[in-house]
1. Find the residue count for the range 7-51, including only residues that are in contact with a Gly (Cβ under 9 Å, 6 or more places away or on another chain) and among the acidic types (Asp, Glu).
2. Under 9 Å by Cβ, and 6 or more places apart or on different chains, what pairs join a residue from the range 1-28 that is in contact (Cβ under 8 Å) with a residue 60 or more places away in the chain and among the β-branched types (Val, Ile, Thr) with one that is in a helix (DSSP H, G or I) and exposed (fewer than 14 other Cβ atoms within 10 Å of the Cβ)?
3. Please find, within the range 20-35, the residue that is nearest to Ser72 (Cα to Cα) out of those that are more than 20 Å from the chain's Cα centre (by Cα) and assigned to a loop (DSSP other than H, G, I, E, B).
4. Enumerate the pairs (first residue in the range 52-69 and under 15 Å from Tyr98 (Cα atoms) and touching a residue at least 12 places away in the same chain (Cβ under 8 Å); second residue anywhere and small (Gly, Ala, Ser) and in a helix (DSSP H, G or I)) with beta-carbon separation below 8 Å, excluding pairs fewer than 6 apart on the same chain, so at least 6 apart or on different chains.
5. Any chance you could count how many residues in the range 59-94 are over 20 Å from Val40 (Cβ atoms) and of a type in the set (Ser, Thr, Tyr)?
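Each value in this text was obtained by applying a stated rule to the coordinates, not by laboratory testing. Because the structure is predicted, anything quoted here is derived from the model rather than measured. Ideal geometry is used to build each Cβ from the backbone, glycine not excepted, and the neighbour counts take in all protein chains shown.
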Amino acid sequence: MIKFMILFGQPEDAESFENVYQDFLALVERMPNILRRQVVHVTGSPQGAPEIYRILELYFESTDLQTDALMSSVGQEAGAELARLPKDSYQLLFTDVYEEEGGSTAQPAAEGETIVADEDPAAEDETVSDTVSPSSAD
């Protein structure tokens, strides 16, 4: 899967930004080949005031379909609308989207806690049970 991301910096004039953004978004919604659209509004950061205000993510099945969408007449119109914002106020990114193998990391058990895990999620009666005991220092 392919994702086109637009990172919008903190606007100097939020009302003016929102007017352009809403017009831009209305055009984006008419673009072909978009599988999913996600808007992220940044609410803060543990590192102080965030530089990013909003992120728009557009998902496509392939690079060719993404290119077709961006080069379509409505895609070009959306690009012209985006260009109404100051050039240094947004960043455009092309990305590949994939899931890493493994999915999650098991959490260690607390002392004395019993962990029960299914060996085979399809099997109903096969489980493994381990109890964590304090280790002795050698």
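1. Qualifying residue count for the region: 1.
2. Close Cβ pairs satisfying both conditions: Ile2/Thr63.
3. Among residues in the range 20-35 that are more than 20 Å from the chain's Cα centre (by Cα) and assigned to a loop (DSSP other than H, G, I, E, B), the one nearest to Ser72 (Cα to Cα) is Pro32.
4. That search, which allows pairs on different chains as well, returns Leu58/Ala69; Phe60/Ala69.
5. Total meeting the criteria: 5.
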